[in-house]
Each structure stands twice: as structure tokens, then as C-alpha cells.
Amino acid sequence: MESSTRSNRIPSYELLRVIAMGMVLCLHCNYQYGALADTANSMTPTRVMGGLLESLAIVAVNVYVLISGYFLSRTQFKLSRLVRLLCQILFYTLLIPALLSLFHIQVSGTDLWSAVFYFLPVSMNHYWFVTSYVFLVLLSPVLNAAADHLTRRQLKGVLLLLLFFTSALPSLSPVQLNTDTFGYDFSWFLVLYLTAAYLRRCGMGRLAKKRNALCWYLASCFGIFLLYLGLHLVYERTGSLAWYMQVPFHYNFLLVYTASLGFFALFHGLALPERGPIRALTALAPYTFGVYLIHQHVDVKDRWAGVLQRVTGAVSQTAPFRYLLQMLAAAVILFAVCAAIDWVRAKLFALVGRGLGHTRLSGIMAKADGIFAENEKE
């Protein structure tokens, strides 16, 4: 996420990353605050509002991967970039339980399995996004080579076939397919990566016009919201379609995919002034990954909502606009606190990086990057 755009500071995409992380926090607030209707929760005014917010924000994860794919598809693979990413992940997976234990706050476990869970976050799927993303970065040179050597027609054909199996079929099936993981895995990230590579190579098409992109996004989100309301109404009256109620909020749902394309295209080529509020917001972009790593850590993700409710107040199921304000306040506070922590982490990493700048380890990493660069030239 962070590593894919560090060398390509484009204000519109930096702003998109910040907004997307805000949307991720919105999604997590909806879940933690019980603001979504499902088989166990009846529809309430607050859950109508929660469903609307979910419909608008569900594009967040797809957009993050599209941004990464758009830049990584034309970026030389660097092992040092991946190492920095892994170091950032380990910084939080190891430090957070250590600090909690220091203050006698219970952690998820202290046995051998828990230790492996903290020390091998990618292999243990500590963060599902991180596991999928790391494998995507590792395979990016292979994906780039394939995308570059295919004709536009071939690339489009492969992408459409992948979308048929990973998005269209799961979106239409009334039962869960055995291969459907709802977009929470590497296979869906691969589809999004190739989508971004195709857009970079072939252009945005009709979505290049901002009005079209906005309409595409809003129409898709409205369709998701109507399905959310309609499917729950059918379930309440008939008890059927219990499984399908959750499908419109899956990342690989077809309308979520089209909404993601529209939202991504909305920021593509958008000219923004690098001053004032825009400059302040884009300055937060390098810390968005840290926001995710902190608030979704296994020892934190089920605790922050209770802490924030002491500030914003308890959620009422009959006050939707009050919930909107509570959710926005919680998201802003959570973003600010986590971004501030990651700013400190970034300063520490910069300090350590300068210290290692002339060591043998630095030379090894530079040599490894050079090997991959030579392979790309060949």
C-alpha cells in the first residue's frame, strides 16, 4: 500500500488513499457498532444509515489494490521495498502485545502458537489484507511480464474470464460457491491488479470523464444499497435468501467492482492544488497503512470501539443521524491517533535507516535490487 506509491507522489492518488482509509474505518465502525442488519439483527433506522454508509464505503479495499496495481504494473520490483513493508508489519505485531503486557493488559495468547502468530504475521494471516498484498507484490514482476507480453485484446479476454469466475458467478449464485472467498484473498487481488494494469495500458475509456465516473460509482452504490434493503425485507417476511443477504457487501460482488472502478477513475488525472487542506490531507497518505496495522491488530481490533464510545456516546438504533456523527467522530479520532503513532514509527525507521546506510546489510539490499533490475532489462 505505502510502498507502491512512495516514489510516485501524485496528489490525487495520495488524497484517494486517505479517503479510502477513512472508508475502511467506516466499514469497521459499522461492524463494531452493530450498525448493519443481518439474520441476527433486525432493520432499524440506524441500520438503514449503516447500510447506506457501507454501500458508499465498500469500495475502499478494492481501491487500495487498484492504486497499488496501477503503479506497481510499471514499477521496477525492489526487494528493499518489500523488506521495509515487512519491517513495518513486524514493528506493530511485536510491539503492541509487548506494550499491552507491560501494562498488564491481556493479550490474545502467550503460548508458542501465539508467538508464531506475532512473529510470522504473513504466514499466519494476522492481517488478511497484508497476507494477500505481500504475495501480490512478490508476484508483481511475473504479472507485469505477462501483462506486457499479451496484446490488449488478449489481456482484456483474460481479465473478462477471470471476472466471470471470481465476480460474476459468485454475485449471481444463490448459494456459496466453494471457490468463493468474498474477495478476502490473493486471487481477487490478482484480478484487481490486472484490472489496474489494463487501465494503465489501455486508458480509462468512458470513465475518463469525471461525470461518467461519478455516475458509475453512485449508480453502483445505489444498487448495493437497494439490494441490502430489499434482501433483508425478503428475509424478514419469508426467511429465505439468508446467505445472499451478505453477498452485496462482498469485495468481489459485481456492483462493488464497478463502484470501485468509478471511484478510482474519479481521482485519475484529477488536478489538485498542492497547498492548503489538500496538502494537509495528502501528507497523511504515507501513514494510512500504519492506521490499518494498528487498529486491526488482533489485540486491538475488538477494543477500540468500546474506548471510543466513551467519547462519542453509545449507539442508538433509532437515531440514524446521530450515529452518522458518532461514526465520523470515531473515524477521525482513530485515524488521527493511529497516524500520529505511525509518524513516530516512520521517524524511528528513518533514523535506523540512516544508521544502516553504509553497512554491509545496505550493500546486500542494493545488490539484490540490482539483480531484479538486471532481470527486467533482459
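Tell me which residues, restricted to segment 220-233, are free of Cβ contacts under 8 Å to residues at least 60 places away in the same chain and surrounded by fewer than 15 Cβ atoms within 10 Å (Cβ to Cβ).
Passing the criteria: L226, G230.
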For the list (1) open to solvent by 60 Å² or more (accessible area, probe 1.4 Å); (2) over 26 Å from F129 (Cα atoms), I need the number of the one condition that L324 fails.
(1)
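Among the candidates A314, A340, A259, single out the residue that is under 15 Å from the mean Cα position of the chain (by Cα) and either of a type outside the set (D, E) or open to solvent by 40 Å² or more (accessible area, probe 1.4 Å) (or both).
Testing whether each residue is under 15 Å from the mean Cα position of the chain (by Cα) and either of a type outside the set (D, E) or open to solvent by 40 Å² or more (accessible area, probe 1.4 Å) (or both) leaves just A259.
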Cβ contacts < 8 Å: first residue over 25 Å from F91 (Cβ atoms), restricted to segment 278-289; second residue of a type in the set (A, V, I, L, M, F, W, C), any location; separation 6+ or different chain. Result?
I278/L15; I278/L272
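Looking only at segment 276-292, how many residues end up being part of a helix (DSSP H, G or I) and open to solvent by 40 Å² or more (accessible area, probe 1.4 Å)?
6
Of Y235, Y217, Y228, which residue is part of a helix (DSSP H, G or I) and under 30 Å from G269 (Cα atoms)?
Y217
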Q246 vs (1) out of contact with any Cys (no Cβ under 6 Å at 6 or more places or on another chain); (2) crowded, with 19+ Cβ neighbours inside 10 Å: all pass except (2)
Quick test for you: out of Y118, Y127, pick the one residue that is open to solvent by less than 30 Å² (accessible area, probe 1.4 Å), touching a His at 6+ places or on another chain (Cβ under 9 Å), in contact (Cβ under 8 Å) with a residue 12 or more places away in the chain and closer than 15 Å to G290 by Cα.
Y127
Counting just the residues of segment 85-122 that are part of a helix (DSSP H, G or I) and among the polar types (S, T, N, Q), which one comes out farthest from L266 (Cα to Cα)?
S101
Name the single residue, out of those in segment 152-186 being open to solvent by less than 50 Å² (accessible area, probe 1.4 Å) and among the charged types (D, E, K, R), that is nearest to the chain's Cα centre (by Cα).
D185
Go through (1) at pLDDT 95 or above; (2) open to solvent by 10 Å² or more (accessible area, probe 1.4 Å); (3) of a type in the set (G, A, S) for G50 and report which single condition fails.
(2)
Go through segment 132-151 and give me each residue that's farther than 16 Å from Y70 by Cα and either acidic (D, E) or open to solvent by 80 Å² or more (accessible area, probe 1.4 Å) (or both).
F135, H149
Find the residue count for segment 317-344, including only residues that are hydrophobic (A, V, I, L, M, F, W, C) and either modelled with pLDDT under 95 or not in a helix (DSSP H, G or I) (or both).
1
Checked V107, V59, V24, V65 against criteria (aliphatic (A, V, I, L, M), surrounded by fewer than 22 Cβ atoms within 10 Å (Cβ to Cβ) and either within 27 Å of V344 (Cα to Cα) or in contact (Cβ under 8 Å) with a residue 60 or more places away in the chain (or both)); the one match is V107
State all residues of segment 246-268 that are farther than 15 Å from A196 by Cβ, polar (S, T, N, Q) and out of contact with any Gly (no Cβ under 6 Å at 6 or more places or on another chain); if no residue qualifies, say none.
Q246
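Yes or no, residue by residue, for (1) of a type outside the set (S, T, Y); (2) open to solvent by less than 40 Å² (accessible area, probe 1.4 Å); (3) touching a strand residue (DSSP E or B) at 6+ places or on another chain (Cβ under 8 Å); (4) outside any helix (DSSP H, G or I):
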position	(1), (2), (3), (4)
L241	yes, no, no, yes
Y251	no, yes, no, yes
F264	yes, yes, no, no
A271	yes, no, no, yes
E274	yes, no, no, yes
Check on R206, of a type in the set (D, E, K, R) and over 29 Å from P11 (Cα atoms):
no
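The values are calculated or read from the model by the stated rules, or taken from the named source; none is laboratory data. Every value quoted in this text rests on a predicted model; they were computed, and no experiment measured them. Quick reminder, even Gly has a Cβ in these numbers, built from the backbone with ideal geometry, and neighbours come from all protein chains shown. Remember, those area values only see protein heavy atoms, side chains included, never the ligands or the DNA or RNA. Shrake-Rupley method; radii C 1.70, N 1.55, O 1.52, S 1.80 Å.
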